[in-house]
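Any read-out appearing in this document is the output of simple, stated calculations on the displayed coordinates, not a laboratory observation. Predicted model only: the values in this text are computed from it and were never measured. Every residue, glycine as well, gets a Cβ built from its backbone with ideal geometry; the counts of neighbours run over all protein chains shown.
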Amino acid sequence: MEAVRTAQPAARLHPGIWLGLGLMLAAATWIAVSLGDARGLKALHLLNRSLVRVSLPFFVLAFSASSLARLWPSPFTRRLLRERRGFGLAWAAIHLTHAAAIVTLWGSGGELPDRVTAVFGGLGFVLTLAMALTSSDAAVRWLGARSWKRLHTFGIRYLMFIYLFSYGGRVAEGADTAWPAIALGTLLALVALRIAAGLRTRRAPAAEAGLAAD
């Protein structure tokens, strides 16, 4: 009698591929802005805005992957979840290039941020680097699963707060493009998605306990 073969889930792409993709997109963005019409500080401001926009889709995928897999389990959402580490590395590569672009802007005579912005924004970049450096199975074993999870959970939530604060401020000030409003709406939807997934996770054990008691 022939054994029934079960479909094996597709292996995730090597995280290095995603990291390389992020670096290539960051480099392409820098080159494209350099070849454009903008010059000087105007070009550096454009570069920073462009890097944030290019990186945001990867952040969206990394932040939403687990919630989507909980709420709508399917081969597609499970694949997204398997690639979450890669999404995060691609985002980190572009986001840290954004940090380099900010330093370049300051070094070229751009306006320095106030102390509060520098501290909170700087912490965001530090957390980005810390999460990128610990995005490996070896790092999980070295830190311990609980400590690793605390770092990455706090890091991505903190960065979501920074994104919401930044885009919320631009919308409140009356941005000259629709992008800040679109980004803010997308990020708020992701927060709602994360809350909904958390509620479903908490209700499932309670429902099972209720069935066991009947």
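Key figures
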quantity: Computed lengthening from Ala145 to Arg49, 0.36 nm per intervening residue step minus Cα-Cα distance; calculated: 31.0 nm
quantity: Residue order, fewest to most beta carbons within 10 Å, for His45, His14, His98; calculated: His14, His45, His98
quantity: Entry for Rg and Dmax of the Cα atoms in Å (calculated from the structure that is shown) out of (1) 16.2, 51; (2) 21.0, 84; (3) 20.2, 77; calculated: (3)
quantity: Nearest-0.05 FRET efficiency for Arg79 and Trp179, computed from C-beta distance (R0 30 Å); calculated: 0.60
quantity: Rounded, prolate or oblate (a/c below 1.5 giving rounded, otherwise prolate when a/b exceeds b/c) for segment 20-62 by Cα gyration tensor; calculated: oblate
quantity: Residue exposure sequence - Arg70, Arg157 - by fewest surrounding Cβ within 10 Å; calculated: Arg157, Arg70
quantity: Rg/Rh (Cα only; Kirkwood hydrodynamic radius) as it applies to segment 27-104; calculated: 1.15
quantity: Residue-averaged 222 nm ellipticity for the chain, from DSSP H runs of 4+ at -39500 (n - 2.57), nearest 500; calculated: -28500 deg cm²/dmol
quantity: Degrees, to the nearest 10: 40-71 long Cα axis against longest axis of the chain; calculated: 10 degrees
quantity: Inter-label distance, nm, simple model (7 Å from Cα along the C-beta direction), Thr117/Thr153; calculated: 3.3 nm
quantity: Enclosed volume per residue, in Å³, of the convex hull spanned by Cα atoms of segment 117-200; calculated: 113 Å³
